[in-house]
1. State which residue pairs qualify: first residue closer than 12 Å to LEU223 by Cβ and inside region 317-339, second residue of a type in the set (Asp, Glu) and at pLDDT below 90 in any location, beta carbons under 9 Å apart, and separation of 6 or more residues or different chains.
2. Does GLU81 satisfy being within 25 Å of GLN15 (Cβ to Cβ), among the charged types (D, E, K, R) and in contact (Cβ under 8 Å) with a residue 40 or more places away in the chain?
3. Looking at region 87-134, which of its residues are among the aliphatic types (A, V, I, L, M) and in a loop (DSSP other than H, G, I, E, B)?
4. Looking at region 275-288 only, could you name the residues that are part of a helix (DSSP H, G or I), charged (D, E, K, R) and more than 19 Å from LEU219 (Cβ to Cβ)?
5. Inspect region 257-273 for any residue being among the β-branched types (Val, Ile, Thr) and buried (at least 17 other Cβ atoms within 10 Å of the Cβ) and give the result as yes or no.
6. Only one residue in ASP206, ASP187 is under 20 Å from the mean Cα position of the chain (by Cα), over 28 Å from TYR258 (Cα atoms) and loosely packed, with under 15 Cβ neighbours inside 10 Å, so which one is that?
7. Quick check on this structure: which one of ASN118, ASN180, ASN126 is out of contact with any Pro (no Cβ under 8 Å at 6 or more places or on another chain) and free of Cβ contacts under 8 Å to residues at least 40 places away in the same chain?
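The values are calculated or read from the model by the stated rules, or taken from the named source; none is laboratory data. These numbers were taken from a predicted model, which means no experiment stands behind them. Note: ideal-geometry Cβ built from the backbone for every residue, glycine included; neighbour counts use all protein chains shown.
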Amino acid sequence: MAKKTGVTYEEIVRQVRAGDFKPIYYLMGEEAYYIDRIADYIVDQAVTEDQRDFNLTILYGPQTTCEEVISAAKRYPMMAERQVVVVREAQSLAHKELLSYYAQKPMPSTVLVMCHKNGAIDRRTNMAKEVQKVGVIFESPKLYERELPGFVNSYVRRKGAEIAPDACQILCEHVGADLNRLASELDKLVVAVGEGKRIDAQAIQDNIGISKEYNSFELVAALSVKDVMKANQIVKYFNSNPKDFAIQKTLATLYKFYTDLMLAYYAPVKSEEGVAAWLEQSVWQVRRNVMPAMRAYNAMKVYQIIDEIRRTDAASKGVGGQKTSDGDLLKELVFFILH
């Protein structure tokens with residue numbers, strides 16, 4: 001589910017599916033995925049394919065003016081109940097404040113969809129207030145990393161399949177918070193395994209090319225139990241495939257794990273469920289990595305590890321004239337963590 005202020009993605013979809021179209025939709029935020037999905041869904045539901053030649057207008061913010069947007073919105077539909085005007089890259093549209101005048105008396109037969117990415121309008125402006133009176137303002141910030149598994153599981157369920165917890169974590173670690181790419185990879189996996197089937201780590205390896213044994217998720221698992229041999233095997237694999245496993249991405253994963261581990265020591269309840277609630281992670285994830293690591297490391301060592309990860313990150317970026325290779329830096333860091 002998207003994290004946002006005000007109306008939700010799911011609410012908009014339900015309203016549109018029921019034929020309840022608002023005259024203006026202002027879709028904005030850092031996360032483009034939901035903006036694109038809502039805009040596409042409105043178009044699909046509001047105008048049939050045979051009506052789109054005359055009743056669907058696509059404009060682009062950098063190449064148009066607000067006056068042209070309003071002019072397009074004021075046109076009447078041709079042989080149809082309504083027309084849709086979509087403004088892509090609305091963040092680049094000059095004089096957006098003019099929309100406040102259109103919003104005071106919008107065309108009832110027009111659905112105007114503004115797609116404002118990589119930012120948001122100030123809801124205190126007159127334009128935002130006027131749009132809110134008659135339409136919808138939807139904001140979709142970037143998801144936090146901890147929210148990605150929830151997105152993946154919900155997406156897969158909607159597709160009639162399911163995904164194993166380890167497969168979910170591997171995919172989230174590899175792809176990150178690019179929801180469009182994540183959805184694309186999940187579509188590929190659902191087709192590959194078949195509807196109603198379970199996506200496992202092997203399916204990810206076979207169809208996406210992410211090794212089920214050698215990835216950042218498995219490195220964390222190895223370090224959490226101080227499995228020296230496995231950790232060094234993964235580091236060796238990473239160093240043999242530097243294009244797929246950039247050190248900065250690996251360091252980000254390790255930093256997140258050990259900062260979460262430090263927080264886990266302060267959990268009011270030290271059970272799996274208590275730590276999971278404290279860290280806002282799944283119980284499965286806590287059971288697999290966090291609880292073993294709490295037994296393997298003391299808080300002082302974790303503090304030192306976090307400091308060493310920061311030092312390694314700085315060195316990998318050339319701070320201090322560092323000339324050690326990324327591969328050697330990662331080896332040194334993992335040795336420090338394990339000993």
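1. Hits for this filter: zero, empty list.
2. On the way: within 25 Å of GLN15 (Cβ to Cβ): yes; among the charged types (D, E, K, R): yes; in contact (Cβ under 8 Å) with a residue 40 or more places away in the chain: no.
Judged against the criteria, GLU81 is not a match.
3. Answer for region 87-134, where residues must be among the aliphatic types (A, V, I, L, M) and in a loop (DSSP other than H, G, I, E, B): LEU93, ALA94, MET107, ALA120, ILE121.
4. Here is the first cut: in region 275-288, the residues part of a helix (DSSP H, G or I) are 275-279, 283-288.
Pick out the ones that are also charged (D, E, K, R) and you get 287-288.
Hits for region 275-288: nothing passes.
5. Here is the first cut: in region 257-273, the residues among the β-branched types (Val, Ile, Thr) are 259, 269.
Right, trim to buried (at least 17 other Cβ atoms within 10 Å of the Cβ) and you get none.
Checked region 257-273: no residue is among the β-branched types (Val, Ile, Thr) and buried (at least 17 other Cβ atoms within 10 Å of the Cβ).
6. So the residue among ASP206, ASP187 that is under 20 Å from the mean Cα position of the chain (by Cα), over 28 Å from TYR258 (Cα atoms) and loosely packed, with under 15 Cβ neighbours inside 10 Å is ASP187.
7. The conditions single out ASN126.
Residue-wise test of (1) touching a helix residue (DSSP H, G or I) at 6+ places or on another chain (Cβ under 9 Å); (2) surrounded by 16 or more Cβ atoms within 10 Å (Cβ to Cβ); (3) not β-branched (Val, Ile, Thr).
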position	(1), (2), (3)
ALA94	yes, no, yes
ALA103	yes, yes, yes
THR110	yes, yes, no
ASN126	yes, no, yes
GLU130	yes, yes, yes
LEU143	yes, yes, yes
TYR155	yes, yes, yes
ASP166	yes, yes, yes
GLU173	yes, yes, yes
